[in-house]
Each structure stands twice: as structure tokens, then as C-alpha cells.
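The values are calculated or read from the model by the stated rules, or taken from the named source; none is laboratory data. Source: prediction; values computed, not measured. Backbone-built Cβ (ideal geometry, glycine too); neighbour counts: all protein chains shown.
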Amino acid sequence: MSNPMFDVVRADLEALEEGLLDAVGSPYGLVTEIGTHLVHAGGKRIRPGLCILAARSGKNFSLERILPLAETLELIHTASLVHDDVIDGAGTRRGAETANARWGSQIAILSGDYIFARAFALIATEGYGGYILKRLSELVCNLSIGEIIQNEMIYKASRDLDAYYERIQKKTADFLEICCELGAVVGGLDPADAKALARYGHAIGMAFQITDDILDILQTEEQIGKPAGNDIRQGIVTLPVIRALSVSSDAKELETIVTNRKMTDEDVRRALAIVRETDGVDFAMKRADDYLAHAKEILPASLPKEVREAYEMVADFIGDRDF
Ligand code: FPP
Ligand code: MG
């Protein structure tokens with residue numbers, strides 16, 4: 001990863017990569033092959049990065065102690081993406097072939113289950129305590145509910161902003177919140193500071209998902225490693241589209257396209273053009289920027305300087321990212 005935001009934890013994240021590869025290993029060769037493919041497909045490692053940064057701020061920091069938790073968080077994320085790609089029928093992610101594209105959906109679902117179980121095995125003997133397990137189980141419940149809500153809303157052209165925010169909170173913001181909070185708890189941060197870091201994680205998580213949704217409208221397949229307009233194609237109505245449905249003079253045409261389960265590539269292109277003609281993307285960017293400004297404001301004053309700067313860089317990275 002070339003972005004300097006995680007320079008402070010660079011060596012920690014290198015150790016994490018080894019731990020991830022170990023964790024996805026299995027006596028059964030195919031399972032190891034799939035897990036290794038998924039770990040090598042990379043990713044920004046934002047979740048473990050946030051967790052380790054938080055732990056590094058606390059009085060009880062020990063890399064050995066935080067790594068299993070950081071690896072668990074990344075593996076839960078990996079498993080959820082494997083399942084998500086099956087649900088979406090996605091062929092590529094992060095520029096690499098998805099597990100379902102290479103090995104078929106059945107094998108992909110089962111290998112997601114395997115990784116998910118390995119994620120929990122990693123921390124089973126760490127003695128982190130019931131609170132950590134409770135929060136992790138809440139995380140997975142919310143991820144699943146978020147995905148179910150999203151599924152129930154597809155092809156509905158809902159203009160309900162609250163429902164949109166609830167969905168992205170469950171899908172993404174809760175996850176980044178928990179990464180910060182649990183890193184802080186295990187690192188021994190003062191409870192009030194751990195809470196503040198959790199709120200920071202939540203705010204950057206909201207911004208992260210909004211930016212992801214914007215990129216799906218703006219970017220080409222080469223840039224994001226997956227087809228552009230994919231959300232529209234799947235009937236998922238995101239913030240720029242909700243805005244366009246409310247303000248565009250072509251709102252009726254947009255609604256007809258996004259509610260059509262049989263929309264063509266040409267329809268998707270037209271829907272993207274309609275959204276891009278409105279202030280939908282600017283509207284969404286403004287929301288993301290507000291979340292990021294708030295996130296930076298609530299960072300606790302007690303954080304070590306290098307950790308605070310890293311957290312600020314993560315917020316800036318989310319605001320600037322184009323992939
Ligand atoms: C990606 O978002 C997907 C998620 C953040 C959540 C997926 C969750 C599940 C499938 C349920 C939980 C399952 C387990 C095993 C923990 P996106 O679809 O907006 O992003 P994308 O465009 O990158 O696919
Ligand atoms: Mg998806």
C-alpha cells in the first residue's frame with residue numbers, strides 16, 4: 001500500500017499479511033488455494049489498520065495481543081465480500097477474479113463460511129473477554145441485516161434517505177466503528193477516548209460507503225476493478241440516485257430504468273447520464289465531507305501525535321480516493 005496513512009503501522013500490517021495467509025490455510029488444498037487467492041487479491045486493510053492504530057494509542061499496547069483481533073476483523077470482511085460477490089454475481093473485485101467467478105458459487109459460499117469460521121478460531125484462545133465477542137457478533141448480525149435490507153429494497157426506486165443511511169450504517173459504518181472501538185479496548189485506552197474513537201470510526205464509515213456509492217456512478221471499470229453503474233444494474237439505489245430521483249427533470253425516466261429488472265447496458269448508461277446531469281454526486285460528496293470533518297473534530301486530544309495524524313490521513317484518503 002503506497003498511501004502514507006498507515007505508515008505508522010506499516011510493519012504491523014506486514015505481520016498481519018502473514019497471519020492472514022496462515023489463518024486461511026487448511027489441510028484441504030483447494031480451500032488453501034482459494035483463501036490465498038483472496039488474501040493476495042489485497043485490499044486497503046483499512047479495518048485492521050484502524051484497529052491497530054487504536055491499540056497503539058493505549059497504555060497496554062502489544063502487537064502480539066492485537067494482531068489476532070486485527071486479523072479476525074479483516075477475515076470477517078473478506079468472508080462477507082466473498083458472499084456479497086456471490087449475491088451480486090460479480091466477476092471481479094479489486095481487479096482480481098472473484099471466488100465465484102473462478103470456482104463457482106457453491107464453492108465460493110463454502111469457502112466464505114470456512115474463512116468466517118477461521119476468523120473466530122483466531123481469537124478463541126486469546127482471552128479477549130465476552131465484550132469483544134458480543135461486539136463482533138453484533139457486527140456480523142448488522143452486516144447480514146444490512147445486506148437483507150438492501151436486498152428487500154432493490155428495484156424499488158425508494159427516495160427514503162433514512163433507509164439509505166440505516167443500510168450503509170449497518171453495512172459499513174458499524175464495521176469501521178467496531179474496528180476503532182475494539183482496538184482501543186484491547187489497547188487499554190481510557191473508556192471515554194475509546195467511545196470517541198468509535199464515533200470517529202462510525203463517521204468515516206458513513207463517508208466511506210457514500211464515496212463508494214459515488215465512485216460507482218463516476219468511475220470506469222478499469223478504475224474501480226468492477227463494472228461501473230453496477231449498483232444501478234443491481235437495482236441498488238444509492239445517495240446520488242436518490243437525489244436525482246428527487247430533483248431531475250428526467251426523474252420519471254430514471255425511475256423506469258432503476259425499477260426494471262431487465263434493464264440493458266444502454267439503460268444503465270442512460271441512468272448514469274441522468275444522475276451525472278444533476279447535483280446528485282455533489283450532494284452526496286457534501287454529505288461525505290460533513291462526516292469526514294466531524295470525524296476529524298471528534299478525535300480525542302489524548303491520542304499520540306503520529307496516531308492522530310494517521311487517523312486524519314485516513315479521513316482525507318476517504319475524501320480524496322478515486323478507487
Ligand atoms: C460490500 O458492499 C458488502 C458488504 C459491506 C456486506 C456484505 C455482507 C454479507 C454478505 C453478509 C455477512 C456475511 C458474513 C460471512 C459475515 P457493497 O456491495 O456496497 O460493495 P461492492 O460494490 O464492493 O460489492
Ligand atoms: Mg456488492
Flag if GLY225 is of a type in the set (Gly, Ala, Ser), at pLDDT below 95 and in contact with a Gly (Cβ under 6 Å, 6 or more places away or on another chain): yes
PHE317 more than 17 Å from TYR164 (Cβ to Cβ), of a type in the set (Phe, Trp, Tyr) and in a helix (DSSP H, G or I): yes
Matching residues in the stretch 20-42 - criterion: being more than 21 Å from GLU97 (Cβ to Cβ), assigned to a helix (DSSP H, G or I) and free of Cβ contacts under 8 Å to residues at least 60 places away in the same chain: ASP22
Hits in the stretch 244-269 - residues which are of a type outside the set (Asp, Glu) and surrounded by fewer than 17 Cβ atoms within 10 Å (Cβ to Cβ): SER246, VAL247, SER249, ALA251, LYS252, THR256, THR259, ASN260, ARG261, LYS262, THR264, ARG269
Helices (runs of 4 or more DSSP H) wholly inside the stretch 102-205 that include at least 3 residues being in contact (Cβ under 8 Å) with a residue 60 or more places away in the chain, touching a helix residue (DSSP H, G or I) at 6+ places or on another chain (Cβ under 9 Å) and within 16 Å of ligand 2 (Cβ to nearest atom): 130-153
Qualifying residue in the stretch 117-129 (condition: of a type in the set (Phe, Trp, Tyr) and within 12 Å of ligand 1 (Cβ to nearest atom)): yes
Hey, LEU81 away from ligand 2 (no atom under 16 Å from the Cβ), modelled with pLDDT of 95 or more, hydrophobic (A, V, I, L, M, F, W, C) and closer than 27 Å to VAL8 by Cβ or not: no
Residue check, GLU266 farther than 21 Å from GLU147 by Cα, out of contact with any Ser or Thr (no Cβ under 7 Å at 6 or more places or on another chain), modelled with pLDDT of 95 or more and part of a helix (DSSP H, G or I): no
